[in-house]
């Protein structure tokens with residue numbers, strides 16, 4: 001059959017389209033199997049089947065491919081391909097055994113992950129694997145999963161010496177410390193090639209916020225050039241294809257809200273190993289609306305990081321931080337970038353909590369430097385920030401990555417949420433703040449988000465602005481406003 | 001937005017199509033959520049989102065619906081609808097708790113099942129529920145699941161008195177006993193309104209085979225009329241909408257090959273309760289390539305049937321039968337119908353194993369008749385068959401359901417699989433026979449399938465025909481032949 005690209009983008013699964021009754025075989029023959037293998041002998045993909053009833057979309061003898069499937073197959077339009085019922089991947093047998101409660105061998109987990117990374121699993125099959133793993137997983141299995149994920153996709157190689165990194169397990173809006181830590185550490189001279197994700201369910205990822213200032217869409221070669229010039233980088237990880245299985249697993253974990261510690265550890269450490277990191281600081285915020293809600297959970301997570309990280313040869317430092325409320329003021333790409341630059345410029349109006357949090361983390365990363373006297377990391381970090389060396393390092397990184405020439409402004413459509421009575425702010429719900437900022441349009445609309453005018457402990461009078469919603473579209477403003485009015489994210493104690 | 005039906009059939013999930021950048025909001029805003037709620041205030045559906053890049057498919061302000069989604073929404077083309085991000089069903093919280101290892105309350109399981117039946121779950125979410133249940137389920141949960149499934153959809157009501165049924169848990173090709181048992185039991189005078197499924201992964205379901213002889217696509221009213229006239233029926237269950245959640249669960253269980261006893265029991269008993277059965281014979285074939293592989297497994301399954309069936313108020317009889325090889329000769333709709341009619345006509349060439357197996361089952365169903373003396377069921381069944389009363393009852397059922405006027409012939413394209421050496425047939429792999437028959441085109445091509453010329457224990461000479469493949473299309477013949485030559489389903493001991 002000949003392939004034809006149909007102007008339809010389906011996500012996350014590949015889709016192929018067959019004309020009803022238009023080929024050598026009835027599409028119904030495939031219906032029970034639902035998945036097709038399409039290829040020319042060299043390249044091949046699996047795709048879910050949709051049946052088309054209109055000859056204007058497809059001619060007999062043609063197989064349609066959605067845009068994603070067409071891109072992944074990588075053949076020219078009109079190429080001849082063979083179309084077969086897809087054999088289910090052999091590794092699904094291991095998934096079935098995992099469902100039955102078995103412990104899998106390292107090699108078996110490796111085969112599952114390679115098949116997932118090759119898009120051979122449907123979301124349904126990935127969900128089955130993840131839920132079976134959520135039921136029960138040994139630490140050895142978590143280690144095998146992590147290593148298998150790191151082994152799939154690209155790997156970055158660096159010159160000898162510590163390659164440092166930091167990772168925050170997230171969930172705290174506005175907590176954009178990496179953009180302060182990296183320039184401090186780079187100014188000191190350690191190599192910190194940080195790759196970050198874009199937001200999936202949060203209002204901004206580090207890559208989204210950095211993109212307000214500079215290009216983040218770097219190839220592996222470009223990333224190396226940036227690090228050569230500036231010691232550090234703040235790039236989007238997607239382009240360099242580190243642990244691609246992780247991205248696929250996440251696309252199923254998020255809608256199902258599967259957030260086991262096993263998957264969390266495998267996700268983070270596989271990306272770091274693939275990125276060539278040797279020393280890693282992990283920031284675990286603990287708080288009632290954070291990912292980790294108690295000290296005992298945090299300790300359990302720390303131990304799992306230590307076990308798996310240790311077997312992978314990583315040097316880990318793990319820090320528990322205050323995850324009780326958002327950090328900084330801005331939530332959303334432009335607003336967060338504003339806060340970050342204010343800290344780096346030593347602007348007196350810069351959010352003090354963001355500054356102190358970033359300094360503490362930078363100090364601990366600096367302690368990875370064998371040349372630094374133990375206990376002096378924080379002082380060194382503060383000196384690099386206060387002296388403007390961190391700002392200079394950031395400007396160097398921005399220039400190396402490609403400075404954005406036209407500034408992006410904060411969203412011009414505003415709505416203020418005000419206090420209904422006086423008192424003091426008792427709590428701010430991180431989840432709700434994130435959801436409202438997303439409803440406003442963040443991270444797609446970079447200027448959309450929330451500016452927090454009050455933090456926990458602040459005294460307020462009735463009518464004071466608690467936070468301001470910024471949006472770029474009337475629909476975004478309306479969505480966010482509706483949500484904010486239905487479920488106030490602030491608890492005010494009178 | 002206005003709905004437009006796109007000539008695309010997606011399965012099993014509903015799909016909605018939005019033009020990239022063509023509405024009030026960017027489709028990217030939806031991408032993280034992926035699921036849309038579409039409705040006019042009265043009717044609504046959930047659908048997965050695909051993005052279209054061609055204004056010939058969709059105009060701005062239009063939302064496209066695949067054929068299935070359009071049908072399920074049930075509004076006219078051009079109807080105005082509102083489109084929102086779908087809120088995940090509340091019952092997904094229960095699924096998450098089940099993933100975490102909790103035991104769910106009856107009401108919680110009920111909510112999950114109602115949401116699944118309303119197409120509010122994606123296949124990924126259904127897989128999560130099924131795998132979480134596969135990990136651990138109490139018998140009370142299995143009972144609650146069964147009852148919830150029976151309570152969703154239609155229910156058939158019958159006059160007082162025993163409403164008998166039989167069910168084989170399947171996996172044995174050619175085992176078309178229902179089409180012999182029902183006419184025997186109907187000839188006796190018991191009411192046996194049997195509804196059956198079409199094949200999903202097997203080469204033929206009872207509904208597919210019966211359809212060779214008569215219409216099976218009956219509404220509830222038509223089914224009642226048939227039973228009024230003929231005491232029995234052999235109808236397709238799909239039209240009467242019994243336990244629709246079962247069909248949706250099965251569409252995910254099959255590709256994942258989740259075949260826990262809990263799901264099996266819930267699937268079978270929910271359909272029977274919804275069909276109004278009071279007395280049920282369950283046939284559990286036990287064999288190395290059957291669904292149940294050992295006597296101890298069979299006992300465990302029997303106990304679960306007894307527990308759940310008992311709480312549902314069903315009278316159950318459970319029989320273990322020989323599942324070591326296919327039953328009868330034909331595999332595929334036309335070939336199986338031929339065998340069934342040969343047995344009913346007392347044709348000396350009729351497969352003896354099918355005849356004896358059906359008589360034994362019919363005898364046990366007849367024992368449900370309180371008026372029959374204990375132990376006389378088998379004799380009564382034999383008498384009804386030998387006398388031609390069962391055949392007459394079958395003709396009555398066929399006429400009542402609507403006799404097929406043009407006979408369907410067996411597939412004219414043939415390929416014989418012959419013995420490579422002499423010896424005797426030691427084993428026949430039920431799975432492989434089923435796969436080869438499906439590859440030949442069964443059940444879609446009703447004349448396609450396999451005619452088994454030799455059974456276990458038969459002496460054979462080199463070159464003897466072991467089985468004959470029938471197909472209606474050259475592609476089907478080639479698929480089946482390729483599969484048969486790659487993996488012979490017969491083991492011949494010399």
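Values for this structure:
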| quantity | calculated |
| --- | --- |
| Exclusive hit being within 14 Å of chain A (Cβ to nearest Cβ), surrounded by fewer than 24 Cβ atoms within 10 Å (Cβ to Cβ) and over 30 Å from residue B:347 (Cα atoms), set B:93, B:108 | B:93 |
| Within region B:231-240, considering residues that are free of Cβ contacts under 8 Å to residues at least 60 places away in the same chain and part of a loop (DSSP other than H, G, I, E, B), the one nearest to residue B:186 (Cα to Cα) | B:237 |
| Residue check for residue A:380: in contact (Cβ under 8 Å) with a residue 60 or more places away in the chain and either touching a helix residue (DSSP H, G or I) at 6+ places or on another chain (Cβ under 8 Å) or over 21 Å from residue A:207 (Cα atoms) (or both) | yes |
| Sole exception among (1) touching a strand residue (DSSP E or B) at 6+ places or on another chain (Cβ under 7 Å); (2) over 25 Å from residue A:217 (Cβ atoms); (3) buried (at least 20 other Cβ atoms within 10 Å of the Cβ) for residue A:384, by number | (1) |
| Matching residues, region A:152-178, being touching a helix residue (DSSP H, G or I) at 6+ places or on another chain (Cβ under 7 Å) and without any contact (Cβ under 8 Å) to a residue 60 or more places away in the chain | A:178 |
| Filter result for residue B:224 (away from chain A (no Cβ under 14 Å), buried (at least 24 other Cβ atoms within 10 Å of the Cβ) and either within 24 Å of residue B:286 (Cβ to Cβ) or at pLDDT 95 or above (or both)) | no |
| Sole exception among (1) at pLDDT below 95; (2) in a loop (DSSP other than H, G, I, E, B); (3) more than 14 Å from every other protein chain (Cβ to nearest Cβ); (4) in contact with a strand residue (DSSP E or B) (Cβ under 8 Å, 6 or more places away or on another chain) for residue A:195, by number | (2) |
| Among residues of region A:13-32, those that are modelled with pLDDT under 85 and within 8 Å of another protein chain (Cβ to nearest Cβ), counted | 8 |
| Search result, residues across region B:445-482 that are more than 18 Å from residue B:174 (Cβ to Cβ) and touching a helix residue (DSSP H, G or I) at 6+ places or on another chain (Cβ under 6 Å) | B:476, B:479 |
| Region B:256-288 - residue that is within 14 Å of another protein chain (Cβ to nearest Cβ) and in a helix (DSSP H, G or I) and, of those, farthest from residue B:148 (Cα to Cα) | B:256 |
| Selected residue [part of a helix (DSSP H, G or I) and without any contact (Cβ under 8 Å) to a residue 60 or more places away in the chain] from A:228, A:246, A:208, A:217 | A:228 |
| Any hit, region B:54-62, residues being within 14 Å of chain A (Cβ to nearest Cβ), surrounded by 13 or more Cβ atoms within 10 Å (Cβ to Cβ), touching a helix residue (DSSP H, G or I) at 6+ places or on another chain (Cβ under 9 Å) and outside any strand (DSSP E or B) | no |
| Among the candidates A:273, A:319, A:292, residue that is surrounded by 21 or more Cβ atoms within 10 Å (Cβ to Cβ) and modelled with pLDDT of 95 or more | A:273 |
| Any chance residue B:184 is in the same structural domain as residue B:232 (by TED's automatic domain parsing), at pLDDT below 95 and either under 21 Å from the mean Cα position of the chain (by Cα) or assigned to a helix (DSSP H, G or I) (or both) | no |
| So residue B:136, is it surrounded by 16 or more Cβ atoms within 10 Å (Cβ to Cβ) and either within 14 Å of chain A (Cβ to nearest Cβ) or more than 27 Å from residue B:36 (Cβ to Cβ) (or both) | no |
| Those residues of region B:340-353 which are in contact with a helix residue (DSSP H, G or I) (Cβ under 6 Å, 6 or more places away or on another chain) and not in a loop (DSSP other than H, G, I, E, B), in sequence order | B:340, B:343, B:344 |
| Residue in region B:119-133 that is without any contact (Cβ under 8 Å) to a residue 12 or more places away in the chain, within 12 Å of another protein chain (Cβ to nearest Cβ) and at negative phi present | yes |
| Options B:200, B:248; residue that is within 19 Å of residue B:175 (Cα to Cα) and within 13 Å of the chain's Cα centre (by Cα) | B:200 |
| Hey, residue A:261 at pLDDT 90 or above, outside the structural domain of residue A:112 (by TED's automatic domain parsing) and either surrounded by fewer than 21 Cβ atoms within 10 Å (Cβ to Cβ) or out of contact with any helix residue (DSSP H, G or I) (no Cβ under 9 Å at 6 or more places or on another chain) (or both) or not | yes |
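Residues checked against (1) more than 13 Å from chain A (Cβ to nearest Cβ); (2) over 17 Å from residue B:140 (Cα atoms); (3) crowded, with 19+ Cβ neighbours inside 10 Å:
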residue	(1), (2), (3)
B:80	yes, yes, no
B:98	no, no, yes
B:104	yes, no, yes
B:113	yes, no, yes
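Each row is one residue, and each column tells you yes or no for (1) within 30 Å of residue B:48 (Cα to Cα); (2) touching a strand residue (DSSP E or B) at 6+ places or on another chain (Cβ under 9 Å).
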position: A:215; (1), (2): no, yes
position: A:230; (1), (2): no, no
position: A:247; (1), (2): yes, no
position: A:262; (1), (2): yes, no
position: A:266; (1), (2): yes, no
position: A:269; (1), (2): no, yes
position: A:294; (1), (2): no, yes
position: A:301; (1), (2): no, yes
position: A:317; (1), (2): no, yes
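The values are calculated or read from the model by the stated rules, or taken from the named source; none is laboratory data. These figures come from a predicted structure and were not determined experimentally. Neighbour counts run over all protein chains shown; Cβ positions are idealised from the backbone, glycine included.
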